[in-house]
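Comments concern the structure below.
The values are calculated or read from the model by the stated rules, or taken from the named source; none is laboratory data. Note that the structure is a prediction, hence the values are computed from the model and not measured. Heads up, the Cβs are rebuilt from the backbone with ideal geometry, glycines too, and the neighbour counts pull from every protein chain shown. When the accessible area is computed, the model is the full protein with side chains, heavy atoms only, and any ligands, DNA or RNA have been set aside. Shrake-Rupley method; radii C 1.70, N 1.55, O 1.52, S 1.80 Å.
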Amino acid sequence: MLPAKLALIDDDAEYSDYLAQHLREMGVAVTAYRDANALLADPGAYGHDFYLVDLMMPGVDGVELIKILRLRTDSGILVVSGRLGAEAFNAVMTSGADMYLAKPVQFEQVVLAIKAVHRRAARSGVAEGIWRLDYRNRELIAPDSARVQLSEADVAVLDCFVQAHGEVVTREAIRQGLGKSGDHDDMALNATIYRLRRRIERATPLLVPLQSRSRVGYVFRATLTAV
């Protein structure tokens with residue numbers, strides 16, 4: 001499943017042109033922007049079904065662009081960038097991107113990643129069913145009855161969302177729930193959230209309702225109850 005309309009934001013003209021052509025041949029309506037400023041100046045900036053973003057661009061960089069997009073759209077966001085390392089990964093994940101690929105990468109791999117992210121987004125309506133946190137058995141029960149085996153840290157994180165009743169939970173509140181405090185634990189928190197998302201993804205094809213909120217924290221965008 002590919003999105004109908006995709007925004008490609010990358011200042012590498014040659015790479016961007018060839019990738020856009022590849023996607024158009026697969027039936028995707030691609031609008032290419034040379035940098036984030038060009039996208040944000042477009043009146044239709046937030047009307048795309050999917051965003052493919054580079055990190056290193058003049059003007060507003062990729063991380064800041066992701067934060068802006070996440071305030072206005074739930075569309076899929078895939079980062080494809082030559083910027084490597086744990087710092088880049090942390091910045092991407094906490095800003096609200098759905099997936100990160102490091103250049104150099106084959107166009108076929110980019111297409112597969114777009115399909116995977118967009119498929120989950122398309123199932124968001126199903127994900128809005130009731131999710132249940134089973135404390136005794138350390139399981140998260142999805143609306144499709146899939147059972148996600150949880151670690152103690154996973155249970156502590158999800159308990160924060162149960163108590164929040166759909167509101168955003170700050171990063172500091174989650175750190176306290178995990179028995180940690182201080183900005184130096186940000187990397188550990190990012191890793192915990194990432195592993196939890198992956199456990200859910202492996203257990204069910206439903207969209208993972210756990211989403212980041214730029215500079216604030218995370219929100220569980222579905223009904224979550226305790227059993």
- Task: Using θ = phi - 60° and the Karplus relation 6.51 cos²θ - 1.76 cosθ + 1.60, list the HN-Hα couplings for the range 51-61 in order, rounded to whole Hz, with x at every Gly or Pro.
- Result: 10, 10, 10, 8, 9, 9, 9, x, x, 5, 7
- Query: Can you give the angle from 0 to 90° between the axis of helix 13-25 and the longest principal axis of the chain, with both taken from C-alpha atoms, to the nearest 10?
  - Reply: 80
- Which residues' amide hydrogens lie under 5 Å from the amide hydrogen of residue 11, considering only partners 5 or more residues apart or on another chain, with H built in the peptide plane? none
- In whole Å, how far is the Cα centre of the range 22-58 from that of the range 131-190? 33
- Message: Along each principal axis of its Cα atoms, how long is the range 5-75 end to end? Whole angstroms, biggest number first, please.
- Response: 31, 23, 17
- Computed Kirkwood radius, in angstrom, where 1/r is averaged over Cα pairs of the chain: 18.2
- Classify the range 24-154 as rounded, prolate or oblate, taking a ≥ b ≥ c as the square roots of the eigenvalues of its Cα gyration tensor: rounded when a/c is under 1.5, otherwise prolate if a/b is larger than b/c and oblate if not. prolate
- Message: Please compute the per residue accessible area over the range 26-89 with all protein chains in place, 1.4 Å probe, rounded to a whole number of Å².
- Response: 41
- Selected from 195, 136, 171 as most flexible by GNM, with the chain as the system and alpha-carbon contacts under 10 Å: 136
- Message: Can you report the principal axis dimensions of the range 40-82 using only the alpha carbons, biggest first, rounded to whole angstrom?
- Response: 26, 20, 14
- At a 1.4 Å probe radius, which order do 57, 26, 1 fall into by accessible area, largest first? 1, 26, 57
- Message: For a protection proxy built on the mean count of beta-carbon atoms within 10 angstrom, sort 62-70, 186-194 highest first, please.
- Response: 62-70, 186-194
- Note on the structure: If the chain between residue 56 and residue 198 were fully extended at 0.36 nm per residue, the gain over the current Cα-Cα distance would be 48.5 nm
- Would you work out what percent of the accessible area of the chain, with all protein chains in place, is carbon or sulfur (probe 1.4 Å)? 50
- Query: Do any of 103/180; 67/115; 115/180 go past 30 Å between their Cα atoms, and which?
  - Reply: 103/180; 115/180
- Query: Sequence-distant or interchain residues sharing an amide H contact under 5 Å with residue 210, placed H: which?
  - Reply: 221
- Which residue, 37, 137, 90, has the most motion in a Gaussian network model of the chain that connects Cα atoms within less than 10 Å? 137
- Message: Can you give me the convex hull volume of the Cα atoms of the range 166-227, divided per residue and expressed in Å³?
- Response: 98
- Task: Please state, to two decimals, what the Cα-based radius of gyration of the range 56-110 comes to when divided by 2.2 N^0.38 Å (N = residues).
- Result: 1.10
- Message: Given a 1.4 Å probe and heavy atoms of the protein chains only, how would you sort 201, 152, largest accessible area at the top?
- Response: 152, 201
- When the label point is put 7 Å from the Cα of residue 135 along its Cα-to-beta-carbon vector, which residues of the range 141-158 have a backbone N closer than 20 Å? 141-142, 148-158
